[in-house]
1. Which number in (1) touching a Leu at 6+ places or on another chain (Cβ under 9 Å); (2) closer than 30 Å to GLU184 by Cβ; (3) assigned to a helix (DSSP H, G or I) marks the one condition that ASP254 misses?
2. Do the conditions hold for THR116, that is, is it in the same structural domain as ARG233 (by TED's automatic domain parsing), touching a helix residue (DSSP H, G or I) at 6+ places or on another chain (Cβ under 8 Å) and within 23 Å of GLY29 (Cβ to Cβ)?
3. Could you identify the single residue in TYR289, TYR269 that is under 25 Å from MET1 (Cα atoms), in contact (Cβ under 8 Å) with a residue 60 or more places away in the chain and either surrounded by 12 or more Cβ atoms within 10 Å (Cβ to Cβ) or not assigned by TED's automatic domain parsing to the domain that holds GLY63 (or both)?
4. Filter segment 88-106 down to the residues that are in contact with a helix residue (DSSP H, G or I) (Cβ under 9 Å, 6 or more places away or on another chain) and touching a residue at least 24 places away in the same chain (Cβ under 8 Å) and list them by number.
Amino acid sequence: MFPRETIQKNLHNCLDDTSFLGLPGRKQGKVRDSYDLGGNLMLITTDRQSAFDRILASIPFKGAVLNKMSGFWFENTTHIVRNQVVSIPDPNVTIAKKCRVFPIEFVVRGYITGSTDTAVWTQYEKGIRNICGNILPEGMTKNQKFTEPILTPTTKAEAHDESISAEEIVKRMIIDGKTWKKLEAIVFGLFAHGTKVAAQNGLILVDTKYELGTDDSGNILLIDEVHTPDSSRYWIKETCEERLHKGQEPENIDKEFLRLWFRQHCDPYKDKVLPKAPDDLVIELSARYIRLYEMITGKKFEAEENIPIRDRMKKNLKIAGIL
């Protein structure tokens, strides 16, 4: 198990900004910063923790965990769809092919759960039964498994993603019907594979989101991140049934507990200033991310803990000829 003492020592050795690289054309997302390298893109996964469309904290080693875990899944899903990865020159960095991104996030859900305003359970509690074109039956309970996974697409927006149905996507000509069917088959295939691998490693893949694009030849590519604890919700398989039977929340290994803490201590959608996330919660989340990486990949998480992350990144990018 990765030592918590190491996480604690690195509470202030987080990558929350990449402007120190001195490269032009930085585009900053919630968690990732991107740079146009001409033929390719450089995608840098930071340690920023995002939820409620806000930055909640910086989590030690988080960016490396996400980037390395995505690398694992990219490598192990090529039988389903191609991907944009060219190389991974640093734990936090992926060099990726440029592509035309479909303006939709493909959110696949195996269970009815969640705590955010857009969560299916939150909507269901309000009496909504048509979720992005999926008609849900009466009498469902929180954390119940769907008979079959459902797809709840959202539009990609700067401020707040909006839920949308497959019918509306095609009707608005955001994506044509033929292409939509291909994309739908890909994401359900990815979710089925992710569910299988997770189960083999003592986990339940509850829900996740995928992003897709096309290259210059028209090939569909899997992009962004795959089955990471930032884009996915995982539960511990061994304890799940018993906890649900007792009316308890499943033992999770994702960021949901941090979301719940902010829910309990502020209004994360309306308050201008959010409280500082407690160090013990930050350390716990980092430990969970690392634990998930090790469970899924079967590899020990390695970290260069004695070198500032910025120095390491500059060194690796110089070796790769990027700086």
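1. (3)
2. So THR116 passes the test.
3. Checking each option against the conditions leaves just TYR289.
4. PRO89, ASP90, PRO91, ASN92, VAL93, THR94, PHE102, ILE104, PHE106
The values are calculated or read from the model by the stated rules, or taken from the named source; none is laboratory data. The structure presented is a predicted model; accordingly, all values stated were derived computationally and were not measured. No Cβ is skipped: glycine too gets one built from the backbone with ideal geometry, and neighbour counts run over all protein chains shown.
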